[in-house]
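Data first, discussion second: the structure below is written as structure tokens.
The values are calculated or read from the model by the stated rules, or taken from the named source; none is laboratory data. Predicted model only: the values in this text are computed from it and were never measured. Neighbour counts are summed over all protein chains in view; Cβ atoms, including those assigned to glycine, are modelled from backbone coordinates with ideal geometry. These area figures cover heavy atoms from the full protein model, side chains too; ligands, DNA and RNA do not enter into them. Shrake-Rupley method; radii C 1.70, N 1.55, O 1.52, S 1.80 Å.
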Amino acid sequence: MAAFLSIIIVIALGAGAYYGAGSGLRYFLGAVLPYAAVAIFVLGFVYRVLDWAKSPVPFSIPTTGGQQKSFDWIPWNRLDNPATKAGTVGRMLLEVLLFRSLFRNNTFKVHPGPKVSYPSAKWLWLFALLFHYSFLTIFIRHFRFFLEPVPFLISGIETLDGLFQIGAPRLYQTDIVILAALLFLLGRRFFNSKVNYISLLGDYFPLFLIIGICSTGIWMRYFGKTDIAAVKELTMGLVTFAPIIPESVGAIFFIHLALVCTLLIYFPFSKLMHMGGVFMSPTRNMPNNTRFVRHENPWNPPAKYHTYEAYEDDFREAMFEAGIRVDKLPEAPAAETE
Ligand code: HEM
């Protein structure tokens with residue numbers, strides 16, 4: 001049901017943009033919507049990150065995956081149980097750049113006997129990595145629409161991505177890889193019964209939305225033959241805050257753009273915020289140094305201490321009279337000392 005609803009929403013958005021492009025909504029779709037979407041994305045993203053940054057961390061809760069730092073003679077797993085800032089940064093880098101925790105993923109199998117085993121399961125890691133790196137490459141390549149002259153780095157990435165020189169226009173490897181990875185990730189939600197059971201609208205919708213964005217982009221490049229010079233005029237108009245909508249920009253471009261804007265608007269309020277959240281998660285950004293650094297709970301009210309010295313000052317005479325040992329003897333009354 002959630003999958004069906006997601007695909008219906010994406011089709012409705014595409015159909016809306018298609019009809020809008022043909023019925024006088026071109027300025028809205030090509031200028032108003034993109035500006036609004038970027039503003040919502042930036043403000044929403046900053047709001048979410050600040051909200052996380054302000055949240056108290058009452059306990060030291062780093063995730064650990066090996067021996068904690070202890071005595072020198074006990075081998076310490078520096079990477080999976082970092083106790084220093086440098087180690088924590090190292091683990092975070094491996095997580096963000098290589099998805100190391102997914103690489104350590106295991107599955108669960110029951111064999112005759114019955115015997116249980118936990119063999120490694122790397123497919124999710126592989127396709128997640130392929131998806132994210134293809135997306136990043138496509139995202140960077142798109143800067144050719146927003147920059148004039150196109151920087152060397154972006155043309156370089158474009159050349160590398162089309163290295164096999166298949167077809168005209170040249171086929172980008174990332175276009176094939178991202179579609180394959182998206183289909184794998186979607187297939188996993190459909191056919192893996194355990195994942196299917198816990199999948200919600202928020203899991204299917206971004207997948208269908210990104211599939212919609214990529215397939216309209218691929219259609220424009222390889223089949224629809226969009227007027228790229230006109231698109232560049234439009235995008236340069238957007239970045240120079242002088243929006244223009246050339247006549248020759250086709251409806252398919254407006255569908256592509258409307259889906260991209262939907263993604264931007266949806267992003268800060270969805271699970272896609274893991275992009276910013278991974279850096280804010282105490283399970284990832286705290287070193288595991290609980291054996292030698294005291295973690296102060298910011299929720300603790302300021303402690304009111306009554307020290308032993310103050311206690312003795314209050315009750316010294318009575319304690320002395322009752323024969324209780326005191327640190328400081330009571331002062332003799334003035335009359336007696338005369
Ligand atoms: C989330 C952001 C976006 C994604 C994932 C995306 C994805 C894609 C993909 C996969 C293609 C196929 C060709 C290629 O890989 O370059 C494409 C093409 C295209 N995209 Fe996007 N796109 C995004 C944002 C945008 C934006 C913001 C614009 C313009 C305002 C845009 C305009 C175009 C155009 C004009 C093409 C055709 C390119 C050509 O003919 O070479 N895209 N897009």
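Looking at region 124-143, I want the residues that are within 19 Å of PHE191 (Cβ to Cβ) and have a partner that is more than 10 Å from the ligand (Cβ to nearest atom) and charged (D, E, K, R) with Cβ atoms under 9 Å, at least 6 apart or on another chain. Which pairs are those?
Matching pairs, first to second residue: LEU124/ARG188; TRP125/ARG100; TRP125/ARG104; PHE127/ARG188.
Scanning for something open to solvent by 40 Å² or more (accessible area, probe 1.4 Å), in contact with a helix residue (DSSP H, G or I) (Cβ under 8 Å, 6 or more places away or on another chain) and either within 16 Å of the ligand (Cβ to nearest atom) or under 30 Å from ALA86 (Cα atoms) (or both), does region 283-306 turn up at least one residue?
Our first condition is that a residue be open to solvent by 40 Å² or more (accessible area, probe 1.4 Å); within region 283-306, this holds for 283-285, 290-296, 298-306.
Subset that is in contact with a helix residue (DSSP H, G or I) (Cβ under 8 Å, 6 or more places away or on another chain): 284-285.
Narrowing the set further to residues that are either within 16 Å of the ligand (Cβ to nearest atom) or under 30 Å from ALA86 (Cα atoms) (or both) leaves 284-285.
Yes, region 283-306 contains a residue that is open to solvent by 40 Å² or more (accessible area, probe 1.4 Å), in contact with a helix residue (DSSP H, G or I) (Cβ under 8 Å, 6 or more places away or on another chain) and either within 16 Å of the ligand (Cβ to nearest atom) or under 30 Å from ALA86 (Cα atoms) (or both).
Which residue out of ILE213, ILE198, ILE218, ILE228 is under 25 Å from the mean Cα position of the chain (by Cα) and within 12 Å of the ligand (Cβ to nearest atom)?
On the way: ILE198 fails: within 12 Å of the ligand (Cβ to nearest atom); ILE218 fails: under 25 Å from the mean Cα position of the chain (by Cα); ILE228 fails: under 25 Å from the mean Cα position of the chain (by Cα).
Only one candidate qualifies: ILE213.
Checking the conditions here, which among SER117, SER70, SER101 is surrounded by 10 or more Cβ atoms within 10 Å (Cβ to Cβ), assigned by TED's automatic domain parsing to the domain that holds ASN288 and within 30 Å of TRP299 (Cα to Cα)? Outline the logic, then answer.
Details: SER117 fails: within 30 Å of TRP299 (Cα to Cα); SER101 fails: within 30 Å of TRP299 (Cα to Cα).
Being surrounded by 10 or more Cβ atoms within 10 Å (Cβ to Cβ), assigned by TED's automatic domain parsing to the domain that holds ASN288 and within 30 Å of TRP299 (Cα to Cα) holds for just one of SER117, SER70, SER101, which is SER70.
Starting from region 217-234, keep only residues that are closer than 15 Å to ARG144 by Cα and open to solvent by 20 Å² or more (accessible area, probe 1.4 Å), then list their pairs with residues that are aromatic (Phe, Trp, Tyr) and near the ligand (Cβ under 6 Å from one of its atoms) whose Cβ atoms are within a distance under 7 Å, requiring at least 6 positions of separation or different chains.
From residues that are closer than 15 Å to ARG144 by Cα and open to solvent by 20 Å² or more (accessible area, probe 1.4 Å), the pairs are LYS232/PHE145.
Is there any pair with a first residue in region 196-214 that is under 16 Å from ALA12 (Cβ atoms) and a second that is more than 16 Å from the ligand (Cβ to nearest atom) and of a type in the set (Val, Ile, Thr) whose Cβ atoms are under 8 Å apart and which are 6 or more apart or on different chains, and what are they?
Final answer for the pair search is TYR204/ILE7; PHE205/ILE9; PHE208/ILE7; PHE208/ILE9.
Looking at this structure, is LEU153 free of Cβ contacts under 8 Å to residues at least 60 places away in the same chain, closer than 21 Å to HIS132 by Cα and either in contact with a strand residue (DSSP E or B) (Cβ under 8 Å, 6 or more places away or on another chain) or in a loop (DSSP other than H, G, I, E, B) (or both)? Quick ask: steps written out before the conclusion?
Values: free of Cβ contacts under 8 Å to residues at least 60 places away in the same chain: yes; closer than 21 Å to HIS132 by Cα: yes; either in contact with a strand residue (DSSP E or B) (Cβ under 8 Å, 6 or more places away or on another chain) or in a loop (DSSP other than H, G, I, E, B) (or both): no.
Spelling it out, it is not the case that LEU153 is free of Cβ contacts under 8 Å to residues at least 60 places away in the same chain, closer than 21 Å to HIS132 by Cα and either in contact with a strand residue (DSSP E or B) (Cβ under 8 Å, 6 or more places away or on another chain) or in a loop (DSSP other than H, G, I, E, B) (or both).
Could you say which residue among TYR197, TYR204 is at pLDDT 95 or above, open to solvent by 50 Å² or more (accessible area, probe 1.4 Å) and aromatic (Phe, Trp, Tyr)? Explain how you work it out, then say what you get.
Working: TYR204 fails: open to solvent by 50 Å² or more (accessible area, probe 1.4 Å).
Being at pLDDT 95 or above, open to solvent by 50 Å² or more (accessible area, probe 1.4 Å) and aromatic (Phe, Trp, Tyr) holds for just one of TYR197, TYR204, which is TYR197.
If I filter region 151-189 down to residues being modelled with pLDDT of 95 or more and open to solvent by 90 Å² or more (accessible area, probe 1.4 Å), which single residue comes out as farthest from the ligand (Cβ to nearest atom)?
LEU183
Please work out which residue is modelled with the lowest pLDDT, limiting yourself to region 125-150 and to residues that are away from the ligand (no atom under 12 Å from the Cβ) and open to solvent by 50 Å² or more (accessible area, probe 1.4 Å).
Within region 125-150, the subset away from the ligand (no atom under 12 Å from the Cβ) is 125-130, 133, 147-150.
The next check asks that each one be open to solvent by 50 Å² or more (accessible area, probe 1.4 Å); those that pass are 125-126, 130, 133, 147-150.
Details: TRP125: 96, LEU126: 96, LEU130: 98, TYR133: 98, LEU147: 92, GLU148: 84, PRO149: 90, VAL150: 89.
By that ranking, first place goes to GLU148.
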